[in-house]
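Student: Pasting a structure below so you can have a look.
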Amino acid sequence: ELVQPAPVTSLVFHPQSTQLVVGHSRNTCCAFAVPSTSSGALSPLLPTEQAVPGIIVGQRPARPIYLNQGRRLLTFAATVLRLWDTTTWKAIPLRTGSAVLPHPPDATALAPDEQTFVVGTLGGISVFSADTLGRRRFIPSKARQYAFVTAISPDGKHLLTGGAERMARVSTLADAAPVGPSIEH
């Protein structure tokens, strides 16, 4: 058993299943070896601060993302993206002003080719380049509602989003063009 310092809000496996990152409701996450021979973490507690801490929708820490075949871990500190080396667990400096979100994130997804990731926030979805962490575009949601969930299709061509506006939308990942009508729920 891997005892945690707070309720668990997310679980993310390393691409080669050699690590597991556990996210906590107290704005932290940490990594463990898989299989684990001890209850000790591989990493220190990494910050995943949110503007308003909590575990309810719209106030939960966003799920971390493994990048670069698992050599890097992307976490979110309020509206700023943070990158970590998964061997040393040291922060990797980013260019000033790069990788900033319009609002704290709620949902994340990584494309199967690991070239693109998306982050759902209040007001819509930000699409990022995984190699530069530069934002490619912002896809607004109607009425500036929270985007609670995001998913990228297994072929990497489509983006599925859903949220507070009670709609699920399918669009192309490349240019955010709608694929059929919205699905009301």
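Student: How do the strands (runs of 3 or more DSSP E) wholly within segment 1-106 filter down when requiring 1 or more residues that are touching an Asp or Glu at 6+ places or on another chain (Cβ under 7 Å) and at pLDDT 90 or above: which remain? It would help to see each step written out before you state the result.
Tutor: Numbers: elements: 8-13, 19-24, 28-33, 65-67, 72-77, 80-85.
The qualifying strands (runs of 3 or more DSSP E) are 65-67, 72-77.
Student: Looking at (1) modelled with pLDDT under 85; (2) open to solvent by 60 Å² or more (accessible area, probe 1.4 Å); (3) in a strand (DSSP E or B), find the lone condition where Thr121 falls short.
Tutor: (2)
Student: Counting only residues that are among the β-branched types (Val, Ile, Thr) and either crowded, with 18+ Cβ neighbours inside 10 Å or in a strand (DSSP E or B) (or both), how many does segment 124-135 have?
Tutor: Taking segment 124-135 as the starting set, the residues that turn out to be among the β-branched types (Val, Ile, Thr) are 125, 127, 132.
The next check asks that each one be either crowded, with 18+ Cβ neighbours inside 10 Å or in a strand (DSSP E or B) (or both); those that pass are 125, 127.
Adding up the residues that qualify gives 2.
Student: Inspect segment 103-115 for any residue being on the phi > 0 side of the Ramachandran plot and out of contact with any helix residue (DSSP H, G or I) (no Cβ under 8 Å at 6 or more places or on another chain) and give the result as yes or no. Break it down into steps so the answer makes sense when it comes.
Tutor: Narrowing segment 103-115 to residues on the phi > 0 side of the Ramachandran plot: 114.
Subsequent filtering for residues that are out of contact with any helix residue (DSSP H, G or I) (no Cβ under 8 Å at 6 or more places or on another chain) retains none.
Checked segment 103-115: no residue is on the phi > 0 side of the Ramachandran plot and out of contact with any helix residue (DSSP H, G or I) (no Cβ under 8 Å at 6 or more places or on another chain).
Student: Restricting to segment 71-118, name every residue that is among the β-branched types (Val, Ile, Thr) and either more than 20 Å from Val21 (Cα to Cα) or buried (at least 19 other Cβ atoms within 10 Å of the Cβ) (or both). Spell out the reasoning first.
Tutor: Restricting attention to segment 71-118, the residues satisfying the condition of being among the β-branched types (Val, Ile, Thr) are 75, 79-80, 86-88, 92, 96, 100, 108, 116, 118.
Within segment 71-118, Thr75, Thr79, Thr86, Thr96, Val100, Thr108, Thr116, Val118 meet the criteria.
The values are calculated or read from the model by the stated rules, or taken from the named source; none is laboratory data. These numbers were taken from a predicted model, which means no experiment stands behind them. Cβ coordinates were reconstructed from backbone atoms using ideal geometry, including for glycine residues, and neighbour counts include every protein chain displayed. Side chains are part of the model used for accessible areas, which takes the heavy atoms of the whole protein and leaves out ligands, DNA and RNA. Shrake-Rupley method; radii C 1.70, N 1.55, O 1.52, S 1.80 Å.
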